[in-house]
Structures are given as structure tokens and as C-alpha cells.
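The values are calculated or read from the model by the stated rules, or taken from the named source; none is laboratory data. As the structure is a prediction and not an experimental result, all values here were calculated from the model. When we count neighbours, we look across all protein chains shown, and the Cβ atoms used for this are built from the backbone with ideal geometry, even at glycine. Calculation scope for accessible area: heavy atoms of the full protein, side chains included, ligands and nucleic acids excluded. Shrake-Rupley method; radii C 1.70, N 1.55, O 1.52, S 1.80 Å.
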Amino acid sequence: MYELFSTDIGLLGGVGEKTKNLFEKLGVPNLGTLLYYFPRGYEDWTDIKKLSEIDFRKDNVCIDVRIISKVKVIKLGVKKTLYKACATDGFDNIDIIFFNNKYVVDKLREGNELLLYGKVQKNFNKYEIVCPKMCVKGKHPTCLKPIYGQIKGLYSWKIENIVDSGFEYAKGKIYESLPEKILKENNLCRLEFALRNIHFPKDKESLNIARKRLVFEEIFIWQMGMKFLKKEMSIKTEVKVKRDYTDEFYFSLPYFPTNAQKRAISECIEDMGSTEGKCMNRLLQGDVGSGKTVVAGALAYNIIRNGYQTAIMVPTEILANQHFETFKKIFIGMPVNVEVLTGSLKSKVQREIREKVKEGEIDLLVGTHSLISENVEFRNLGLVVTDEQHRFGVEQRAKLVRKGENPHVLVMSATPIPRSLSLIIYGDMDISILDERPPGRQTVDTFVIDASKKERMYGFLKKILDDKKQGYIVCPCVEEPEIESLLDVSNYKEDLIDKHGFSKYSLEVLHGKMKPSEKEQVMKNFLEGKIDLLISTTVIEVGVDVPNACIIVIENAERFGISQLHQLRGRVGRGKDKSYCILVSDSKSKDSVNRFKVMVASNDGFYLSNEDLKIRGPGEFLGSRQHGTVDFKLVNIVEDISIIREISEIAEKFFREWECISLEDKNIIQNSIKNFFKMNKQENIVI
């Protein structure tokens, strides 16, 4: 089967240079990916309904009718013509309507018997179907007809024909992708049957058998690939926590850590003190305000007390400086030397810091991308921490890791991801979760208003600013957009001053098109209280801790998913004052209303991310191919979570027995992993 992924799709009949280029745009450059380019749905011409049996909530149905009237041709203007005929299913009548299609007149002749496929509507007790697909009775498809995702110039019917040609070409070359043992133990059909019946199912039972097999394969092969990647990353290290100083660290804190923090710290210390001498490679997931910094501090303290250095890399200078101040407070009076390294420091200061790091005089170095500069050398780097992991590429993290001799790695993320999704995305890492809020953390009250209540909202905002507090206003756009209803930061500030009486306050804008140094300066001024109200795009989503900010207004809130709204809301509620989030939207769509209800009801990021995943689906939740995430074709990570768990356990058992597996079965799995990751543009798995 592996050779099919190297077989040029241009070798198939009907695929010229133009068609080949269109397939490449679809992400289908070879025969292997063509056979795995599954239909997005099916037309069921075998399930023929009477009009009285139709469930109008369903999209499309097939009906058997006879034309009982002549076609009416109605001119609706210079460029629009309506063609209409009446038909019967033997009991009820239905109007068949087409627009600008004179070729249907012949098919709609009185007395013709047809099968129609489309969306049936009922208006004033009258049935109606607009622009249906038509087949002469007896000449319709006798199986489920595949419908493919298409692009202009490459339509579903053409893809169907070329897939059919692909199966002819691949005859005798579709080798099994799972070991015989796995097939038998899990009652799975063979690959050739599965592929043929996912494209051209004989009936619904064959489709279900094929889907079960291919869903199993997707999860099993992905999990096996992740386990090999994890094994590759589980390299040996001489860096070891021989003595646990966690209690000593706790004693120095002015407050008690949460049980979740204690659990996460314990998991990490166990990794770093492993008798097997393996590197820790762990993701720390925690909601906004869950106390990830304390966990990082505890690990750094243990590593430092055991004779090593720690590096913590963050995405912005202002965040680096804030972490630096936080760690200085945490380690006050303790034998830990903390320093910060950023690009804006004077050259002389940078040189001095680099020299001290090289000599081992600095125990904990916080910084931005400056840490991965070639002239930064550590004497004995034992722990690497990256904060806001999605802001750094894999190679940037790897460069920092290479500053030491196989140091332990902690990756921190404030973006809660449902457990089901973590199992899929971070299969190569161990995961610790902070699912408790430290005592004293504020709950942010959330409200939803429409545009008619904005003047009252402005009045409330002024009262907060008059009380010497600060706030944010978030707009979806930088400049005036083409869509009239969307607001932008460029005009919003002027409107507040000119039309809504905000001239006495200090207002500033912040957006992604500004230079990094300009953005840093604006955030620095806001942190220092020089700006009362910051009008920003979502660049503040991951930002600095401003305890004095206690209100955030999010305009056009319908444009954001739940997880992003929650991240934005996390900008406030970081101090001692009561904090508020106001979502402004005129949208009445069902999805928007559901999102807003969930936001008002909960401040729990993990609960909210689960709800977001249910509403938006995995593709939109993650974004387009975000961070090299696997692109499952059949698995639904919301609906199939129990199946994912079950198959993950099977993969775990198979991986544990790997050394006892036959060479033939090992080759089958290895080739399947290569094929799978090639389709997902991730060919870096070492087996």
C-alpha cells in the first residue's frame, strides 16, 4: 500500500495537468491520498419516501413521482425564468421548480416517471421541491452515491469517476494496514473492502462495517505513531532530582498551594527523579489564574537545589519582566539567583547577564526569544519551561533544549483543551492539569447586551474609570472593515472621545499591525496605570497581568468562540476588585445565543472548552491545521470519545508487546504510520 502514496495521480485516466493541479489544491497529490479522500456524505437513492412520510428536519430525501401537468414557464425578469411542473407520488401532489434551466422541460414531460432527490418543503399544506436531482425510474443509483468535498473545476461527480479509476489502477496493490491479530480480535473487515465501501457502499450495513474499520485504523495508527514519538523523546538524561525540596518550597510561600498544584508538582518531580533516568516531557494545562507559575517555581527550586539551572521562555518582554518580578518575590530570602534577559536591555547589561549564566552565577533565567540566541550559554541547564506554548514553534523550543545536556521540559498552556482532545493532540507528552482556582481568585461577572444598551454600558464603564480602575474594549478589526456591522479599534477610540464623552480619560489602541516595540510600550504604559482604557484587538488574549483592570467589553462577541471569549475575559479579575465582562452583540443566531448562555453561566475554562468543542466541532475549535494537528477524516473527537479511549488502550497494549511482535506485523505498522503521517504532513516519526 505504501507505494500507492508515491504513485502520481496524473497516471490515472482522465487526470490531465489541469485536473492534477486541482487535486493537489484539495491535498490529494497521489493515489494513496485519493483512496483516503473519503466522501463528506452520501445520497441515498435506495430509501424512497412517500411525501406523507418525510421528516422535514432532514436535509434531503428521495421520492418516486409521476408528472401530472405540463411545464409552466414563468418569466421573472430579464435574466430569470422559472420552470414549474406538478407531480404525484400516488397519494399527494408536489410542485417541482427549476430556475434558468430550459433543459429540464424534456424530463418534466407529462406522464414521465422520475426519482427526485432533494430538500422537500411544505408551504401552506403544499409540497414543493426546488432544483432537485432527477433520474428516470429504473436508471437511478442502486447504492449510496458518494458526495465529495469539491472546488471550482473539480466537482463531486468527477472526483467519483476518478476514485473509481483509482481502484482499477490499485487492483491487487491494496495491502493490509493492520496486523491479522488486530483484525480478528476486534472483528474488523479487510482494508480493500473498507476503502471500496466507504466510497461506494452497497448498502448502509456495508458502510457501517467500513467506517468501523477505518475509524479504528485512524485512532490506532495515530496512537501508535504518538507512542513512538514519545519513546523517541524519552531520552536518557544525567539531570536528576536526587533530593526533593518541595516541602521547603511550600514553607516559603505566603499561601497554601491547591491540591491540583500539589498533584502537578508531584507528577513532575516523580518524572525528574525517575530511576530510569528519562527526561521529563510534560504539558501543564491550567485555566486562567490556576497558578501555573507556582508549579514552575517549585520545579525550578528543586532543579536549582539539586545543582542545575532553569530557563523560562515567554512570548513577550513585558510578560518576561512580570515573571521575573513574580519569581523574585517567590524566592525572596532563598538561595536562588533570578535574572531576566530581553532584547531591549542595553548591550552591556546583556553581556553581563550572559557571562553570569555561563559561569553558573544565575540559577533561573527568564526571557523571550533572546534565550535561544547563539551567544547564550548555560553552565548546567537542567530544566526548560516554555509559557504559552502555542506562541512558540517546535524548533524554537528545541533550540532552547539544546542549550543543555538533555534537560527536563515543561510546556505550560493557559488554553484549556478537553481531555479527549489532549489525548489526541498531545499524545507525545505526559499531561498535568490544574483544575482548581487558588483561594481569593475573583469570579468575573459576565453580561450580554445588544447595541441598544450601549449608552448605559458606557455610563457603567465611566464609573469604573472614575474609581481609578482600568478597562479593556476588544474589537474584531484593526481598520474599518467591509462588513458594516463590525467595529474596529481605529475608529472606536475617536467615537468614544467625540460622541460618548470619554475625552477626559486616557485612551490608547493596541493591535497586531503595530511594531513589537510599540505594542510593548503600550502594554507597559497600561500596566503602569498611564492608560485608563485600552481599545484592542485580540492581541491581548495572552497578555500581561494587570490587577487594576476590572472590566472588559467585547464588541461583536458573536465573532469569537467560547474558548477565545474566556481567554479574553481572563484579562480581568486578577486583582482584589470585583470584575466584569460585557459581551456586546445583536446576533440572534442559535449558536451565538448558546455560546453567550454558557459564558454567563460558567467561569470554568475546561467546562467551557468542552461546550465550545460541542458547538463548533473539532476543526473550527482547533483552527485550520493548527500546530500540525492531526486531520482525522472519519473520527469525531466529540462523539467518538469512548471509542478513542477503547482503541487507545488496545494501542497501549500492542505497544507494550512490541518486542514480541513478528517482523511482518512490525513492517505493516511502520508503513501504516508513515502513510498516515505523510497524509497529515508530519513525517518526523522515528520508529
Checking residue 330 against (1) more than 15 Å from residue 311 (Cβ to Cβ); (2) free of Cβ contacts under 8 Å to residues at least 60 places away in the same chain, the condition it does not meet: (2)
Candidates 266, 274, filtered to the one that is hydroxyl-bearing (Ser, Thr, Tyr) and within 30 Å of the chain's Cα centre (by Cα): 266
Qualifying residues in segment 584-600 (those that are open to solvent by 50 Å² or more (accessible area, probe 1.4 Å) and touching a residue at least 24 places away in the same chain (Cβ under 8 Å)) - the one nearest to the chain's Cα centre (by Cα): 591
Residues being open to solvent by less than 10 Å² (accessible area, probe 1.4 Å) and either part of a helix (DSSP H, G or I) or under 17 Å from residue 328 (Cβ atoms) (or both) - total across segment 354-377: 7
Any hit, segment 459-478, residues being assigned to a helix (DSSP H, G or I) and at pLDDT below 85: no
Unique match (being within 17 Å of residue 45 (Cβ to Cβ), at pLDDT below 95 and of a type in the set (Asp, Glu)) among 128, 168, 205, 110: 205
Single residue of segment 58-103 satisfying the filter (among the β-branched types (Val, Ile, Thr) and surrounded by fewer than 18 Cβ atoms within 10 Å (Cβ to Cβ)) that is farthest from residue 139 (Cα to Cα): 78
Top-ranked residue of segment 526-567 - restricted to ones that are out of contact with any Leu (no Cβ under 8 Å at 6 or more places or on another chain) and among the polar types (S, T, N, Q), ranked as farthest from residue 478 (Cα to Cα): 548
Top-ranked residue of segment 320-346 - restricted to ones that are farther than 19 Å from residue 516 by Cβ and assigned to a strand (DSSP E or B), ranked as least open to solvent (accessible area, probe 1.4 Å): 338
Selection within segment 104-119 - surrounded by 14 or more Cβ atoms within 10 Å (Cβ to Cβ) and within 49 Å of the chain's Cα centre (by Cα): 104, 105, 107, 108, 114, 115, 116, 117, 118, 119
Residue within segment 545-565 that is touching a His at 6+ places or on another chain (Cβ under 9 Å), aliphatic (A, V, I, L, M) and not in a helix (DSSP H, G or I) present: no
Residue list for segment 273-293, filter: of a type in the set (A, V, I, L, M) and open to solvent by 10 Å² or more (accessible area, probe 1.4 Å): 288
Some residue of segment 305-319 being surrounded by 15 or more Cβ atoms within 10 Å (Cβ to Cβ), part of a helix (DSSP H, G or I), of a type outside the set (Ser, Thr, Tyr) and at pLDDT 95 or above: yes
Some residue of segment 606-629 being assigned to a loop (DSSP other than H, G, I, E, B), at pLDDT 85 or above and open to solvent by 30 Å² or more (accessible area, probe 1.4 Å): no
